[in-house]
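First up is the structure itself, then whatever we jot down about it.
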Amino acid sequence: MEADNVKKVAVLGAGVMGHGIAQVAAVAGYDVAVRDIAQEFLDSADSGVKNSLSRFVGRGRMSQDDMDAALARIKYTLDLGEAVRGAQLVVEAIPERMDIKHKVWAEAAAKAAKDAILASNTSSLSITMIAEAVPNPERFIGMHFFNPPAMMKLVEVNQGEKTSEATVEAVQELARRMGKTPVWVRKDAPGFIVNRVLVTYLNEAGKLLDKYGVEQIDAAMQHKAGMPLGPFMLSDLIGTDIVYNILKVFEEHIGPDYAPCARITELYESKKLGRKTGEGFYSYETRPSVTEDQAEGFDVRLLLKPFVEEAEKVVAEGIASEEDVDTAMKLGANLPRGPFEMKSMGLGEEKPILTEKKDGILIVTVNRPGKLNSMTTEMLELIDEALDDAVADKSIRCILFKGAGDRAFCAGADISQFPNLDVDGARKLSKLGQGVYRKIMKLPKPVVAAVNGYCLGGGNELAIHCDFRLASEKASFGQPEVNLGLITGWGATYMLPRLIGKSLAAEMMMTGRRLNAEEALRVGLVNAVYPAEEFEAKVQGFVKALVDGPPLALTAMKKLVNLEDLEAASKAEADEFSGLWNYRDLMEGIEAFNERRKPEFKGE
Ligand code: COA
């Protein structure tokens, strides 16, 4: 069966995964039949799909007509024969028990077309073993979506021992047509890619608890290693019972090293299963959080090393390629970087500016997510070096600036540096930032800022010196220096009026008003706004066009667009910026920021 011939998809099981998959397939234009064993499951699937699609419509991501058309394509039935009749793809998402799977698949395979693709959404059982229930296992495959299917981009395409290559190819293509990114899991191995690497990492974190604290490890992994959540908060979110059960499967099928650690076992046995029971590694009476200071004394390499080693085992065992492991961990576990990318960047070294060269692009990541990527002197110097390297390296055709984590591109200059400065120090800081940012303008290659969150103060100044600004819909732009009793010091006073006009620039700088992404687009501050979940792909597409463009013509156009002498304006800005260190108001502003209160300015 080829992807082109698939018109109808049968989904067996109407639970969270089943109805999510049905929704994804219907939105992609397939006719869908959802089957479960009781009407109440079908009813709740129907309302689940309607709620989810309504949210898309509410946020302007889908039209009401498209929603109605997708809903009209989904039929619900209690009759297995009716569901699979005429379907070219059957996806099963029923409870994870081999006996139940065998029973349903024996019946479904007998009633489905002889050439239909048969796919299980299992996350934990062997594809080869499930396939024993069907007469032609070369058509049987794993098609593992992630929860919630409507949002998560990853599909693990899991090949059983007898699955044919043609079936693998067709399912990869079908996943793409459903808007997903497939990774090819070539070998039927417990946990496939994401669960194998992630759950083993959670267990390794647990093994360190005899020497380090829960909050300490979580704080370090979140604030220093750039993970979206520390391992224990993540275990609590997944559920310690689920983590425990997956590890038991690993222990049995991979080896004793994978046995659940003492702490996970203890939580499992005492039914402290995490968020869902109100207690796990943390208590959930209030929402737990960890700060960067709590990370003190824990070296993130202690955990990143086994994390990368597990990924290496997955590759060495022939389960998947390095590239697919990286893709799977980023899309399936929401990690900012895959394990092999982490390794190539120098494991766990806390560089505040990361650089990576890929496909003709120099990616410069501002990497201080715990402090919203606020910019230190050291970081400006590292950016300066990276820019020099970008000019010298002929293979680099475009530079892309990004912010680490999902909250900020850069929330401005690091305010904590300010109290230690005097007038001279402040002038130097202003000139350093101006110089580095002007280098971006003068660079003979296009520079793009991918703004995913807060883009404030010196962060906005970084962005406005780039040739293009692409915003996620979560982005917000501002020059909040005025709230500190300060002025902008890295070029906004002359760049911002030129970009968006004097009135709005003055308003932003003199009142600190922030613009959301839509407003920023309307006033020409950004080139485009993309939905958060598509942001990375859209940015890549945009940058690729520049990489493929004619370098000499791009250089000439960039030079002409920026043909202005800004020397005098920069000097005046640096003088005014540093002059404010002579007065008390600035320190009042900084104290107020630190104390989270409104400042009282006196003009002295
Ligand atoms: N310099 C130094 N640290 C900064 C910072 C900056 N410009 N911006 C944010 N941070 C730090 C915060 O102090 C905080 O650190 P902590 O967790 O150790 O206390 C951390 O980043 C998270 O920021 P927080 O303020 O707790 O987040 P929030 O969601 O409440 O507010 C902002 C987000 C962006 C509105 C707020 O951080 C802010 O106003 N930042 C300053 C922006 C600014 O004035 N920039 C221009 C500087 S010249």
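The values are calculated or read from the model by the stated rules, or taken from the named source; none is laboratory data. Quick caveat: nothing in here was measured; it's all calculated off a predicted structure. Glycine also receives a Cβ, built like all others from the backbone with ideal geometry; neighbour counts cover every protein chain displayed.
Points worth noting:
Every residue, every condition in (1) farther than 10 Å from R35 by Cβ; (2) surrounded by fewer than 16 Cβ atoms within 10 Å (Cβ to Cβ); (3) touching a Cys at 6+ places or on another chain (Cβ under 6 Å), yes or no:
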{"position": "L80", "(1), (2), (3)": "no, no, no"}
{"position": "V91", "(1), (2), (3)": "yes, no, no"}
{"position": "E96", "(1), (2), (3)": "yes, yes, no"}
{"position": "K101", "(1), (2), (3)": "yes, no, no"}
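- The residue of region 301-332 that is farthest from the ligand (Cβ to nearest atom), among those that are among the β-branched types (V, I, T) and within 20 Å of the chain's Cα centre (by Cα), is V325.
- None of A505, A520 is in contact with a Leu (Cβ under 6 Å, 6 or more places away or on another chain) and part of a helix (DSSP H, G or I) except A505.
- Region 584-596 residues that are in a helix (DSSP H, G or I), paired with ones that are of a type in the set (A, V, I, L, M) and more than 9 Å from the ligand (Cβ to nearest atom) (beta carbon under 6 Å, 6 or more apart): L586/L580
- Members of region 468-491 that are within 30 Å of the chain's Cα centre (by Cα) and either farther than 19 Å from V561 by Cα or within 14 Å of the ligand (Cβ to nearest atom) (or both): A471, S472, E473, K474, A475, S476, F477, G478, Q479, P480, E481, W490
- Here D293 meets the list (1) at pLDDT 90 or above; (2) within 16 Å of the ligand (Cβ to nearest atom) almost entirely, failing just condition (1).
- The residues of region 285-300 that are within 23 Å of the chain's Cα centre (by Cα), in contact (Cβ under 8 Å) with a residue 12 or more places away in the chain and loosely packed, with under 14 Cβ neighbours inside 10 Å amount to a single one, T291.
- A386 crowded, with 16+ Cβ neighbours inside 10 Å, under 24 Å from K357 (Cβ atoms) and among the small types (G, A, S): yes
- Restricting I21, I37 to those that are surrounded by fewer than 16 Cβ atoms within 10 Å (Cβ to Cβ), among the β-branched types (V, I, T) and at pLDDT 95 or above reduces the list to I37.
- S416 meets each of the listed conditions (1) polar (S, T, N, Q); (2) more than 25 Å from the chain's Cα centre (by Cα); (3) surrounded by 15 or more Cβ atoms within 10 Å (Cβ to Cβ) apart from (3).
One line per residue, one yes/no per condition, for (1) under 26 Å from G142 (Cα atoms); (2) under 25 Å from the mean Cα position of the chain (by Cα):
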| position | (1), (2) |
| --- | --- |
| D188 | yes, no |
| V194 | yes, yes |
| T200 | yes, yes |
| Q216 | no, yes |
| M221 | no, yes |
| I238 | yes, yes |
| D257 | no, no |
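- Sole exception among (1) touching a helix residue (DSSP H, G or I) at 6+ places or on another chain (Cβ under 9 Å); (2) outside any helix (DSSP H, G or I); (3) under 30 Å from A3 (Cα atoms) for Y212, by number: (3)
- Residue among I100, I130 that is free of Cβ contacts under 8 Å to residues at least 24 places away in the same chain and closer than 16 Å to G13 by Cβ: I100
- Criterion (away from the ligand (no atom under 16 Å from the Cβ), more than 30 Å from W184 (Cα to Cα) and not β-branched (V, I, T)) met by exactly one of E381, E341: E381
- Some residue of region 552-560 being assigned to a helix (DSSP H, G or I), buried (at least 17 other Cβ atoms within 10 Å of the Cβ) and of a type in the set (S, T, Y): no
- Search result, residues across region 402-438 that are at pLDDT 95 or above and of a type in the set (S, T, N, Q): S430, Q434
- Leading residue by the ranking (modelled with the highest pLDDT) among those in region 58-80 that are more than 22 Å from R177 (Cβ to Cβ) and under 27 Å from the mean Cα position of the chain (by Cα): G58
- Within region 398-457, considering residues that are touching a Pro at 6+ places or on another chain (Cβ under 8 Å) and among the basic types (K, R), the one farthest from the ligand (Cβ to nearest atom): K445
- Scope region 268-282; condition without any contact (Cβ under 8 Å) to a residue 60 or more places away in the chain and closer than 21 Å to A220 by Cβ; matching residues: G274, G280
- Scanning region 430-466 for residues being in contact with a Gly (Cβ under 8 Å, 6 or more places away or on another chain), closer than 23 Å to E564 by Cα and among the aliphatic types (A, V, I, L, M) gives a total of 1.
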